[in-house]
Amino acid sequence: MLSLKAQSMTPSMTLGISTKVKEMKAQGIEITNLSIGEPDFYTPKNAKTAAEIAIKNNKTKYDAAAGLLELRKALSKKLLAENNLMYSPEEIVVSNGGKHAITNTLIALVDPGQEVIIPKPYWVSYPEMVKLTGGVPVLVDTKKENNFKITKDELKAAITDKTKAIFITNPSNPTGAVYTKEELTEIVDVCVENKIYILADELYERICYLDEFTSVASISDAAKEYTVTINGFSKSAAMTGWRLGYTATTKELAKAISGIQGHLVSHPCTIAQWAAVEVLNSCEGDMQKMVAAYRARRDEAVALFEEIPGLSLVQPDGAFYLFVDMSSIKDKLHYSDSFSMEVCNKLLEDHQLAVVPGVAFGNDDFIRISYAADINDIKAGIEKIKNFVSGFNL
Ligand SMILES: Cc1ncc(COP(=O)(O)O)c(C=O)c1O
């Protein structure tokens with residue numbers, strides 16, 4: 001009965017863990033939860049007020065498929081001021097979250113059988129999104145010593161005559177790694193030479209702890225021609241439930257993305273879009289406070305991890321995750337299918353700590369810890385990992 005596409009879906013590897021967390025909580029067991037990929041802050045007050053005003057003023061009708069013109073104008077200003085990117089409102093499409101912005105883009109760009117390069121470890125949904133939209137995901141190994149950032153040689157080796165696009169997640173979920181301008185320039189050169197589109201997933205762009213963040217499209221005119229800049233409000237403005245993301249790209253591609261969106265969902269919720277206009281107008285301070293809190297937690301968490309013998313981290317320069325290498329206990333732990341899943345099961349059952357297995361991101365030696373959580377929970381969670389690891393006498 002199911003379509004081939006539906007049959008090709010990989011079931012969520014994290015579902016088992018979250019089901020178990022729910023069951024344990026229902027039994028009254030207290031769980032330290034560092035598995036969630038969502039800000040622990042609330043949406044800024046002004047944005048919520050703007051949504052209330054939109055409702056009161058009956059701004060509740062259909063609007064442009066590409067998103068409110070007021071929001072696209074505000075995004076155009078933001079992209080110029082913060083990312084050194086000149087996109088007109090006609091080149092911007094607002095969608096239902098980053099996920100939807102990516103899906104629209106894949107439908108607009110990729111034909112059946114064409115390949116999309118996905119560097120490992122990857123954000124969980126990319127391979128499934130590519131399969132659903134008819135493309136072929138090509139998973140490419142990267143190296144820990146490069147903080148799992150793909151190099152030009154790794155990219156070159158993965159290119160075939162069917163390659164249409166590559167995902168660059170910057171900052172990365174799950175690693176927190178951030179590409180430098182030089183690293184991006186090398187990748188862009190290869191992509192432009194081979195006419196490969198860059199899906200620049202910059203959802204975590206505001207949550208960056210380096211002095212400088214470089215948007216892929218800002219590297220050069222040629223880079224901009226081949227890049228779809230993907231961003232949104234979920235992470236930067238703590239607006240996960242409002243479902244607002246966007247793409248910025250060439251006029252031609254933006255028109256196609258908007259056309260697809262128009263037929264599928266018309267446009268994202270009008271009320272949520274008015275809230276987003278307000279975020280760009282008056283919530284800079286709220287967003288900066290959140291980033292400062294993430295940075296302080298990152299510093300504290302990294303310092304605590306450094307005290308645990310046998311464990312190492314990818315350098316987390318952005319987002320709110322730590323990607324922890326657990327391979328030093330690999331030959332000491334009995335597991336059948338997946339090592340990282342077994343680590344996560346043990347942490348949950350024996351230490352009441354929920355984290356995400358690296359296998360969900362394509363790297364089974366690691367676990368992902370979210371520090372979008374209270375600092376006391378972060379400290380308690382790391383202590384639990386320390387206790388777990390100390391049982392292996394490293
Ligand atoms: C790297 C990355 N891209 C895209 C998304 C999707 O964002 P949204 O919730 O806005 O759909 C996420 C969410 O976790 C993410 O981590």
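All of the numbers you see were taken from the coordinates with simple rules; none came from a lab. Computed from a predicted structure; not experimentally measured. Note: ideal-geometry Cβ built from the backbone for every residue, glycine included; neighbour counts use all protein chains shown.
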Fill in the blank from the handout: So, with points 7 Å from each Cα along the Cβ direction, the Leu210-Leu69 label distance in nm works out to 3.8
Handout entry: Net charge over other residues, Cβ less than 12 angstrom from the Cβ of Lys5 (K, R count +1; D, E count -1)
Key = 0
Exercise for the section: Using a 10 angstrom cutoff on alpha carbons, build the Gaussian network for the chain and name the most mobile of Thr160, Thr151, Thr229. Expected result: Thr160
Fill in the blank from the handout: In deg cm²/dmol, rounded to the nearest 500, the helical mean residue ellipticity at 222 nm of the chain, built from -39500 (n - 2.57) for every DSSP H run of length 4 or more, is -13500 deg cm²/dmol
Practice task
Go through the range 215-232 residue by residue and turn each phi into a ³J(HN,Hα) via Karplus (6.51, -1.76, 1.60, θ = phi - 60°); whole Hz please, and just put x for glycine and proline.
Solution key: 6, 3, 5, 7, 5, 6, 4, 5, 4, 4, 4, 9, 10, 10, 7, 10, 8, x
Completion exercise
quick note, the chain, DSSP beta bridge pairs, % antiparallel (nearest 5) is 50
Handout entry: Relative exposure of Thr185, Thr32, Thr249, Thr49, judged by other C-beta atoms within 10 Å (fewest first)
Key = Thr49, Thr185, Thr32, Thr249
Fill in the blank from the handout: By Cβ neighbour count within 10 Å, fewest first, Arg298, Arg72 rank Arg298, Arg72
Practice task
Within 10 Å of each residue's Cβ, count the other Cβ atoms and sort Glu186, Glu38, Glu202 from fewest upward.
Solution key: Glu38, Glu186, Glu202
Practice task
Step through the table entries Lys99/Lys144; Lys162/Lys235; Lys143/Lys164, compare each Cα-Cα distance with 29 Å, and write down the pairs that go over it.
Solution key: Lys162/Lys235
Fill in the blank from the handout: the range 338-374 and the range 239-254 have their Cα centres apart by a whole-number Å value of 31
Practice task
Just add up the charged neighbours of Ala272: K/R +1, D/E -1, any other residue whose Cβ is under 15 Å from the Cβ of Ala272.
Solution key: +2
Problem - Local net charge near Lys99, Cβ-Cβ under 11 Å (Lys/Arg +1, Asp/Glu -1) - result: -1
Completion exercise
Dividing the mean separation of Cα pairs under 8 Å (6+ apart) by the residue count of the chain yields a relative contact order in percent of 25
Completion exercise
Dipole check, the range 47-283, charges on Cβ (K,R +1; D,E -1), about Cα centroid: among Thr142, Tyr179, Thr103 the Cα furthest to the positive pole belongs to Thr103
Completion exercise
Over all viewing directions the Cα convex hull of the chain casts an average projected area in nm² of 20.3
Exercise for the section: Pull out the extension gain between Glu193 and Leu333, defined as 0.36 nm times the separation in residues minus the alpha carbon to alpha carbon distance; nm, one decimal. Expected result: 45.8 nm
Practice task
Once you've got the GNM for the chain with C-alpha springs shorter than 10 Å, pick whichever of Gly241, Gly318, Gly97 has the biggest mean-square fluctuation.
Solution key: Gly241
